[in-house]
1. With a Förster radius of 51 Å, plug the Cβ-Cβ distance of ASP264 and ALA94 into 1/(1 + (r/R0)^6) and report the FRET value to the nearest 0.05.
2. Counting pairs of alpha carbon atoms under 8 Å apart in space and at least six apart in sequence, what relative contact order in percent does the chain give?
3. With r as the distance between the Cβ atoms of ALA129 and LEU196 and R0 = 22 Å, compute the FRET efficiency 1/(1 + (r/R0)^6) and round to 0.05.
4. If I model a spin label at TYR350 and GLU367 as a point 7 Å from the Cα along the Cα→Cβ vector, what separation in nanometres do I get?
5. Based on DSSP, what percent of beta bridges with both residues in the chain are antiparallel, to the nearest 5?
6. List the pairs from LYS55/LYS168; LYS316/LYS355; LYS343/LYS371; LYS45/LYS111 whose alpha-carbon separation is above 23 Å, in the order I gave them.
7. What is the magnitude of the charge dipole of the range 266-407 about its Cα centre, with +1 placed on the Cβ of each Lys and Arg, -1 on the Cβ of each Asp and Glu, and no other charges, expressed in debye to the nearest 20?
8. Helix 28-38 versus the longest principal axis of the chain: what is the Cα-based angle in degrees, 0 to 90, to the nearest 10?
Amino acid sequence: MRFFEYEAREIVRRAGIPVTDFGFAKTPAEAREIAQRIGGPVVIKSQVLSGGRMKAGGVRFADSPEEAEAHAQAILALEIGGHMPRGVLVDPKAEVEQEYYAGVVWDGTRKLPVMIFSPVGGIDIEQVAAEQPEQVGRRHISTILPLSDFAAKETIARAGVSGGELTKIVPILRRLAELFLRYDMTLAEINPLGRLPDGSFVALDAHMEIENEARGRQRELLLELGVDPTETRQAREATPFEIAGEEVDSSDHRGVAGNVTEFDGNLGLVIGAGGGSLTLFDAVRAHGGRPANYCEIGGNPSVRKAAGLAKLVLSKPGVERIAVMMSIVSNTRVDIVARGVIKACLELGYDPAEKIAFFRIPGAWEEEGFKILQKYGIDYADRSVSLNEAARRAVEKIQGANEEAVR
């Protein structure tokens with residue numbers, strides 16, 4: 001889940017990292033008031049979860065409160081990357097002598113966070129790493145052992161920074177790493193970190209993302225920032241269907257029924273097992289199927305949660321049938337998922353044998369689950385049937401039904 005810049009700047013400020021005297025405004029009048037409080041030239045920035053704000057006209061400079069108000073009015077009506085702005089950030093126009101990059105990201109290969117620093121800021125760190133690798137310092141840090149100043153100092157020194165600059169930046173990078181760990185983040189970066197004429201440093205922009213699965217653990221932070229619990233913060237605004245999926249998952253602590261993403265196909269999916277979910281989704285498409293959604297179910301959900309997810313998918317306009325599939329043997333009880341999806345069909349007035357195109361979940365209590373599926377005449381398979389074959393059968397079932405209808 002991504003944070004807007006004004007939220008990320010607030011997180012940085014709370015961590016004790018110097019920031020400018022910024023303000024967040026939802027209306028042009030509020031932008032004018034903030035500009036009056038700041039005094040002097042300001043920058044008006046569109047608050048959207050997409051890049052390219054400057055090129056799109058979403059970042060403008062104002063020399064007076066009146067000009068700030070006019071720019072805010074124009075920016076608030078400007079769509080950028082398919083997003084309408086949440087508001088605008090009003091920031092003092094700082095006199096900067098040099099821009100730096102400071103960040104902490106999750107290294108999926110090493111399964112550890114890595115601190116990154118460069119004296120070249122204001123542009124993508126990937127570009128700096130490709131064109132000037134000697135200007136980028138990196139160091140992995142532990143998620144268990146205490147974080148030391150030395151780790152931050154070594155990272156900064158590797159990028160060629162020394163002396164007084166090094167001493168002043170060390171606590172900033174260390175605190176950035178601390179908030180990364182404290183808030184279960186996958187990304188925490190300040191770009192640019194600006195050095196002012198008096199030699200002090202200040203965060204001029206910040207980008208933060210946390211694990212979606214950590215939202216429960218970080219509920220206090222999200223509430224303090226005013227983040228709505230239903231917000232998914234994906235690359236686009238969540239649809240009502242996707243928001244409803246989040247509500248199903250949060251309605252019961254048992255198991256998972258989340259990561260719901262809406263598509264426009266006719267085959268609803270109730271699928272699970274992490275990477276197996278992606279494999280199943282791709283397999284359905286490879287066999288000519290049109291998925292109506294992506295989701296993940298697992299971790300031994302309750303009957304109510306399984307039914308809630310299945311009912312949501314079945315109720316989606318255009319969905320003709322659902323496929324219930326999982327890739328690996330797990331502790332997920334087959335009988336519970338079977339009861340859940342059948343319950344959803346019955347409560348919606350459908351014949352489970354007609355609405356469930358195919359069922360393949362290897363797991364605990366298989367025999368009991370298969371007996372339930374047999375009772376309702378549902379086409380199912382055990383673990384001897386591959387994911388690819390299961391996807392093919394599900395697609396074949398829905399395509400066959402459509403061909404029969406045409407005849």
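1. Efficiency at R0 = 51 Å is approximately 0.65.
2. Relative contact order of the chain: 11 percent.
3. 0.25
4. Placing both labels 7 Å beyond Cα along the Cβ direction yields 3.1 nm.
5. Counting DSSP beta bridges with both partners in the chain, the antiparallel share is about 75 percent.
6. Where the Cα-Cα span goes over 23 Å, the pairs concerned are LYS55/LYS168; LYS45/LYS111.
7. Its charge dipole is roughly 300 debye.
8. 40 degrees
The numbers here are math on the coordinates, done by the rules we state, and not lab data. The model shown is predicted, which means the values in this text are computed figures rather than measured ones. Note that we place each Cβ from the backbone using ideal geometry, even for glycine, and neighbour counts take in every protein chain shown.
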